[in-house]
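Structure first, commentary second.
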Amino acid sequence: MNELVLSLANEGVSKRVYAEISPQIVARARSGDQDAFHAIFMRFGRPVLSFINQLVYDQSLAEELTQETFVRAYRNLRTLGEDSKVSTWLFGIARNVVRESARQAIRQKKDVSLDEPEPIELRSSSPTPDGNLLGRELNQEIRRALIELDEDKRLVFSLKIFHGKSYEEISGITGHSIGKLKTDLHRARIELKSRLSGYLGGESGAKA
Amino acid sequence: MNCANCKEELVELAYGELDPRISQELRTHLESCSSCTLAWRELEAELGLFTAYGQNSEIQPSAGMWTAIQSQIREIEPAPSRPTFWQNLLGSLTVPALIRQTAFAVLLIAASAGLTAYYFTSRRASTDAPISARVPTVDFKPIPEKPKEKEAPAPTPDIDESKPKIVKRPSDDEILDLQVRRAAREYENAIKLLDRSIAKRKSELDPDSIRQYEASLAMVNESIESSRIALREHPQDPLTARFLLSAYSRKVELMQEIAMR
C-alpha cells in the first residue's frame, strides 16, 4: 500500500492521503540514483496517472503525459526544495504537462480537448468502502458531470476530493489563491449536485 | 455558532481544514442542531459517492511505463553532485584495474622524470659553465670562447692500449633527454589505453561533459605541442622538459577524470 486512507471516524468521511516518501530517497534521487527515482515512481505513479486521467479522460494520452511528467521531474530534481512535498511538486508538473498538451492539441487542431474527451468506458468495478458497487450507469453519470465542469473547477475538485490535497497544496500546484479555490470547489459541488440530484437523493434519502 | 455559518464550514470540517477551536464549536453545534446534522449527512453521502468514484477510476501504470521513462532519463542523466572526500577515496578502490594501473605507472614516471628534471635544473643553476682545467673557478656567466679553448689545448687522458676502452659516461643533457623521452613514451602509452577506455564509454556520457572534456583536451594538446617545439629548440633546457611532462600529466589526469565518470 502506498497510501494511507485516513478515516475521520467521528465525521464519517474517508479521505485519501498519500504518505510522502522519505527525504533520504529524495536526496539519493537528486544525486542521480535511478533506483531512488524508481521508488518515487512506484509511490506516485498511480496517483499522478489517475490525476492526469481525471483531467483528460483519455487513458493512452494520460499514460503518455505521465511519462512526460516523470521524465521532466527527473530532469528538474534539483528544483525540488528540501522542504517541499514530492507529491505536490509532481502534481504541479503533471498539471503543467496537461496544459501544454492541451495547447499543443489546439495548435495542431486535433480533435482532442480537456473538455471533450473520448467516451472510454470506466474499467474498474471495485466495491465502494461500504461494500456496494457503484453501478456502471452511475459511474458514467458522474464522469459525464465531471467532464462538463470547466478546467479550473475540475482541477480543484479532483485534487481536493479525489486526492485529499489541502487548499495550500492545491494553491502550490495550480498557482491559484485559496479564495479562488474555495469558490471553485463550492461551485463545482453545486453543479455536480444539480446534475446528480437523482443519485444523491437515492443514496441519502434527502434532497441533494 | 449559527446554522448559516455551520453549513458553510461543513466541507472544511470534513477535510480537516479548520482551526481546532472552530472544529470543536461546529461539532458541538451539530450535536444539538437537527437541521445542520441533516446537512452533514447529505455532505457525507455526497463526498462518499465521489470518493468511491475516485477510487474506482484510479488506474495503475502499465508494466512498460517505467521502462519507457528509464530509457528517456538515461539520455538526460543529471550531473552528479561533487563527491565527498570519502566518496573519492572509496571510489578510487572501485575504479577499473586498468585505470588504477595506468594512474600508478604514470605517477612513478612523473615522479622519476620530475625529480630528474628538478635535479638538473638545480645543478644547472649551480654549475653553469663546463669544467675546464684552465679556469680555476666556476664562472656562471657563459663565455662563448671558452668551449673552444677547452677543446684545443685540453689534455687528453692517457690511454692504455692494453686495457679495454672505457665507455664514455653520457652527459647530463643526454641523461635528461633520455629520461624525458622515456617519460613521454610512457605517458603516451597511458594516453592510448585511456583513449580506448573513453571511446568505449563515450555513448554513456552526457553531451555537455564530452564537450567540456574535448575543449580541455584541445588546450592541453596545444600545451604539449608548444612544449615539444620549445624542447626541440632548447633540448638541454630542463625547465622546458618539466613543462612538457606537466602537460602530459595534466592530459592523463583529464582523461582519467572522464574515464572514471
- Task: Partner chain Cβ atoms within 10 Å, averaged over the residues of A:135-144 - can you pull that number for me?
- Result: 2
- Message: Let me cross-check B:Glu75: its accessible surface, 1.4 Å probe, with only protein heavy atoms counted, in Å² to the nearest 10?
- Response: 140 Å²
- Task: Only Lys, Arg, Asp and Glu count, each charged at its Cβ (+1, +1, -1, -1), so figure out the dipole size of segment B:1-41 about its Cα centre, rounded to 20 debye.
- Result: 180 debye
- Task: Taking H placed 1.01 Å from N in the peptide plane, check which residues at least 5 places from A:Gly164 or on another chain put their amide H under 5 Å from its amide H.
- Result: A:Arg16
- Once you list every other residue whose beta carbon is under 14 Å from the beta carbon of B:Ile229, what net charge do they have if Lys and Arg are +1 and Asp and Glu are -1? -2
- Message: At 1.4 Å probe size, what's the solvent-accessible area of A:Arg195? Round to the nearest 10 Å².
- Response: 100 Å²
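The values are calculated or read from the model by the stated rules, or taken from the named source; none is laboratory data. On a predicted model such as this, the values are computed, not experimentally measured, just so you know. No Cβ is skipped: glycine too gets one built from the backbone with ideal geometry, and neighbour counts run over all protein chains shown. For accessibility, only protein heavy atoms count, side chains too; no ligands or nucleic acids. Shrake-Rupley method; radii C 1.70, N 1.55, O 1.52, S 1.80 Å.
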